[in-house]
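Asker: Pasting a structure here, questions to come.
The values are calculated or read from the model by the stated rules, or taken from the named source; none is laboratory data. Just so it is clear, the structure is predicted and the values come from calculations on it, not from any experiment. Ideal geometry is used to build each Cβ from the backbone, glycine not excepted, and the neighbour counts take in all protein chains shown. Just the protein is used for accessible areas: all its heavy atoms, side chains included, with ligands, DNA and RNA removed. Shrake-Rupley method; radii C 1.70, N 1.55, O 1.52, S 1.80 Å.
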Amino acid sequence: MRAKVLVNVKLSHNFGGSIPSPGMPVYVDWWDVDDPSADDAGLPEEQCTYPLDCDEPTHSHWWGFTWWDNRMNNAYGFWPILEAPAYIPPGSDELTWPFIVSRQPGDNVRITGTTVRWLGYELTWGMVDTGEDLPCWVARSAMLTTWRKLHIEQDSMVAVLTTGEQKNCINGTAGTYYYNAGAGSTKFSVGRDLEDYWEETKSAHFWNGAYIVTGTYTPVETISHLGNDELVVVGDCSGDSHEYELWDDDFARKDTILPAYPDTSALNSIFDDCYVECVVDARGSSQSLAFYRNVGGAMTENPEIPPITDNDSQVDESESYWVVYIMSGFQAGYNQDADPGTDEAAGGMTETQYGQVSVIWREQLYDWYLQPSACEPFLVAHEIGHQFGLEHGSQDGTIMGMTDCPPMISNRHFRLSEIAAIRGRESSP
């Protein structure tokens, strides 16, 4: 953001006659004023009703002077922009000078100007905030509010692999088939002892998955682990070729789930309350990250989050350039991937140990939520909230405490304390 703005003062008159002469002194002051929302500062959060204002307890500005937001009291207290008066240049009726602005989103300021110094000393925050009882020889600006732009870099893994070490299926040669006409299903040996990832305590891993022989798809009923593992599939497969491919229930979306950028469409409607504008314009966005079947968790061959990312924009991050990184991945650790559906799972996670990185697990999103496409934009906001240091807190249904996804319309916002935390920042998340 720009640390300075240009303030322009133009001389005029209120009671007829000529405009004051160029070269006259002009006294200009600035005031930290309250939001236009209700005056409920100091109330405990549970007594605040969204979107009333329970934030801005103190603000520290560029010279280090700290004060309470006045919130309509009649106390004196202002900090002059210019200790000495400024003078209108000869031959002109206006002047311009730079003003150093606050970096905190949602911080508000008004500028006042007068040619009569003693009138400036009689002003109060309440007068400047509302305009009531403002002396006629004093002009005030509109309320100026600091907005911060949050630049977003987004990446995605490539499409789900069907070959190689990270493929999301297994291949094998089946043993003898046993068709049960009464049950309408076929049991056969998969011809191998499945690795821990596919077995362990996950006897239902392939439930509702796909057994494929020569391109023909057959739903999987169950699998048992007795030496060479046995699989039960729907229908009569006793005449099938013995070469097969076996998928869990991710098979249905294997061609469409990736690549895809995270859905950022709800960010501005949520972050507007924080005076943060979200823009997907950071450099480095791509859909070419390597595919990993699982990331994190107990399996030693699964990478943790940092190696799978490509956070190009991190080098641009500064106090003036706020940036976050979010990417689409496939699924988390093998015991957190909703395969089978009894696994714990989450639609996303944020890693802060190695830099701020958020991941949306798209397969888990579709495994776990009834309305995944409607849920995703709010899940993205939730994960970026973590990058700002926000925690889950109470499960009240709001963005950081979502109990349903998508949340109810009335809950599509941050809590007041969370808004205050974001508005209190001066540095990039």
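Asker: Would segment 224-232 turn up any residue that is under 35 Å from the mean Cα position of the chain (by Cα) and at pLDDT 75 or above?
Answerer: No, segment 224-232 contains no residue that is under 35 Å from the mean Cα position of the chain (by Cα) and at pLDDT 75 or above.
Asker: Which residue out of V101, V116, V128, V109 is over 44 Å from the mean Cα position of the chain (by Cα) and either β-branched (V, I, T) or surrounded by 15 or more Cβ atoms within 10 Å (Cβ to Cβ) (or both)?
Answerer: V116 is the lone residue from the list that is over 44 Å from the mean Cα position of the chain (by Cα) and either β-branched (V, I, T) or surrounded by 15 or more Cβ atoms within 10 Å (Cβ to Cβ) (or both).
Asker: Tell me, yes or no, whether segment 122-139 has at least one residue that is within 30 Å of V279 (Cα to Cα) and of a type in the set (A, V, I, L, M).
Answerer: Looking through segment 122-139, none of the residues is within 30 Å of V279 (Cα to Cα) and of a type in the set (A, V, I, L, M).
Asker: Is it fair to say L370 is out of contact with any Pro (no Cβ under 8 Å at 6 or more places or on another chain), free of Cβ contacts under 8 Å to residues at least 40 places away in the same chain, part of a loop (DSSP other than H, G, I, E, B) and more than 25 Å from L161 (Cα to Cα)?
Answerer: The answer is yes for L370.
Asker: Now, a different point. Which of the residues that make up segment 301-312 are surrounded by fewer than 19 Cβ atoms within 10 Å (Cβ to Cβ) and modelled with pLDDT of 85 or more?
Answerer: D310, D312
Asker: Sticking with this one: For segment 87-111, which residues satisfy the criterion of being part of a loop (DSSP other than H, G, I, E, B) and under 15 Å from L11 (Cβ atoms)?
Answerer: Listed by number, the residues that qualify are I88, P89, P90, G91, S92, D93.
Asker: May I pose another question? What pairs come out if I take residues in segment 112-130 that are under 13 Å from V9 (Cβ atoms) and pair them with residues that are assigned to a helix (DSSP H, G or I) and modelled with pLDDT under 70 whose C-beta lies under 8 Å away, six or more apart or interchain?
Answerer: T112/G120; T114/G120
Asker: Residues in segment 265-296 that are farther than 15 Å from H151 by Cα and without any contact (Cβ under 8 Å) to a residue 40 or more places away in the chain: how many?
Answerer: 0
Asker: Also, I was wondering about something else. How many residues, within segment 248-300, are over 18 Å from V380 (Cβ atoms), outside any helix (DSSP H, G or I), open to solvent by 60 Å² or more (accessible area, probe 1.4 Å) and of a type in the set (G, A, S)?
Answerer: 2
Asker: When the residues of segment 370-422 are filtered to those that are over 19 Å from M349 (Cβ atoms) and among the small types (G, A, S), which remaining residue is modelled with the lowest pLDDT?
Answerer: Only one residue fits best here, namely S394.
Asker: Would you say A159 is of a type in the set (A, V, I, L, M), open to solvent by 10 Å² or more (accessible area, probe 1.4 Å) and without any contact (Cβ under 8 Å) to a residue 12 or more places away in the chain?
Answerer: In short, no.
Asker: I'm checking my understanding of the structure. Among residues of segment 131-148 that are in contact with a Phe, Trp or Tyr (Cβ under 7 Å, 6 or more places away or on another chain) and open to solvent by 40 Å² or more (accessible area, probe 1.4 Å), which one is nearest to V280 (Cα to Cα)?
Answerer: Here is the first cut: in segment 131-148, the ones in contact with a Phe, Trp or Tyr (Cβ under 7 Å, 6 or more places away or on another chain) are 145-148.
Those left that are additionally open to solvent by 40 Å² or more (accessible area, probe 1.4 Å): 145, 147.
Numbers: T145: 22, W147: 16 Å.
Looking at the filtered set, the residue picked out is W147.
Asker: Mind checking which residues of segment 117-147 are modelled with pLDDT under 80 and assigned to a loop (DSSP other than H, G, I, E, B)?
Answerer: Passing the criteria: E122, L123, T124.
Asker: Can you say whether E426 is of a type in the set (D, E), surrounded by fewer than 19 Cβ atoms within 10 Å (Cβ to Cβ) and either under 16 Å from S328 (Cα atoms) or at pLDDT 90 or above (or both), as far as the supplied structure shows?
Answerer: no
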